[in-house]
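Following: one structure in structure tokens, then a few remarks.
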Amino acid sequence: MQADLLAANPATKIRILGVNEIGHESGNPAITTGRNLPWLQDVAGQDAWTKWAPVLRDVIILDTANIKQAVYNLTVNDLAITANYNALKALLKSVAGE
């Protein structure tokens, strides 16, 4: 999706990345091997997982001030379904003001 967003608007400010929960660091190599998705490790000083309270496969959409604006769950909304893919892309663009 990041590639689609950049292709449509090279100046887009939308950036997609993953954040791993504290205590699950051992899984980082498995999730990042062969992928180009930026991947961050949550740490106690940030504790994003407690602040955002995600459930499995949530996409947390933040504004430019890093304030949670929306949540889109990929278990309920499989991105292999075109309508879901387009809905997430539209939500990202809406929050970004694009």
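No value in this document is a laboratory result; all are computed from the given coordinates. From a predicted model like this one, the values you see are computed outputs, not experimental measurements. Here Cβ is always computed from backbone atoms with ideal geometry, including for glycine, and neighbour counts include all displayed protein chains.
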Loop-resident trypsin sites (Lys or Arg not before Pro) in region 1-68 with no more than 14 other Cβ atoms inside 10 Å, DSSP not H/G/I/E/B, are K13, R15, R35, R57
Whole percent per 10 Å bin, from 0 to the bin with the longest distance: what is P(r) over all C-alpha pairs of region 2-96?
13, 44, 36, 6
Can you give me the long-range amide H partners of V59? Hydrogens built in the peptide plane at 1.01 Å from N, cutoff under 5 Å, separation of 5 or more residues or another chain.
Y72, N73, L74
Using only the Cα atoms of region 52-98, construct the convex hull and provide its projected area averaged over every direction, in square nanometres to one decimal.
3.3
What are the lysines whose alpha-carbon lies under 19 Å from the alpha-carbon of K89, with same-chain residues fewer than 8 places away excluded?
K13, K68
Placing +1 at every Lys and Arg Cβ and -1 at every Asp and Glu Cβ, with all other atoms neutral, what dipole size does region 2-96 have around its Cα centre, in debye to the nearest 20?
300
Calc'd 3J(HN,Hα), region 23-37, phi into Karplus 6.51 cos²θ - 1.76 cosθ + 1.60 (θ = phi - 60°), Hz, glycine/Pro = x, comes to x, 10, 4, 5, x, 4, x, 5, 6, 9, 4, x, 10, 10, 6
Just to confirm the number: angle between the C-alpha axis of helix 82-96 and the first principal axis of the chain, 0 to 90 degrees, nearest 10?
80
Nitroxide proxy distance, nm - points 7 Å out along Cα→Cβ at Q46 and K93
2.8
